[in-house]
Amino acid sequence: MNDKEIMTNILNAVKGECDLMMHGAIESSTPAVHQAFSQSFNDALALQNQIYAKMSAKGWYPAEQAQQNEINKVKQKYANQ
């Protein structure tokens, strides 16, 4: 397994953690539990962002720039609702 595959696996695991923490916060029954899940969610999001940044810097997670006409279509769609 190469470094890119390892980082991809770690990123996917952290994304899964984010999903679990978000749902935990949404479904929590007390303020204390909600706060614990929310903090864990924020920590996981920060970690996900760090991993993404490292992968992106190495060219392992390329992102395409959105075309302005596509952005305008989405804006128009939601402006009419």
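At-a-glance table
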{"item": "Where Cα atoms sit under 21 Å apart: lysine pairs in the chain separated by 8 or more or lying on different chains", "result": "5"}
{"item": "Computed E for S56/V33 - FRET, C-beta separation, R0 41 angstrom, nearest 0.05", "result": "0.75"}
{"item": "Estimated dipole of the range 9-76 in Debye, rounded to 20 [Cβ of Lys and Arg +1, of Asp and Glu -1, Cα centre]", "result": "260"}
{"item": "Unit charges at the beta carbon, dipole of the chain: most positive-side option, I51, N69, G24", "result": "N69"}
{"item": "DSSP H segments from the chain that extend 24 Å or more along their own axis, Cα-based, with Kyte-Doolittle mean of -0.5 or above", "result": "3-27, 31-57"}
{"item": "Protein-only accessible surface order, largest first, of V33, V74 at 1.4 Å", "result": "V74, V33"}
{"item": "Relative contact order computed over the chain (Cα-Cα under 8 Å; 6+ residues apart), in percent", "result": "28"}
{"item": "Label-to-label distance, nm, for residues given as D43 and I6 (7 Å Cα→Cβ offset)", "result": "2.4"}
{"item": "Distance (nanometres) between label positions extended 7 Å along Cα→Cβ at A13 and I26", "result": "2.5"}
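The values are calculated or read from the model by the stated rules, or taken from the named source; none is laboratory data. As the structure is a prediction and not an experimental result, all values here were calculated from the model. FYI the Cβ positions are ideal-geometry reconstructions off the backbone, even for glycines, and counts take in every protein chain you see. For accessibility, only protein heavy atoms count, side chains too; no ligands or nucleic acids. Shrake-Rupley method; radii C 1.70, N 1.55, O 1.52, S 1.80 Å.
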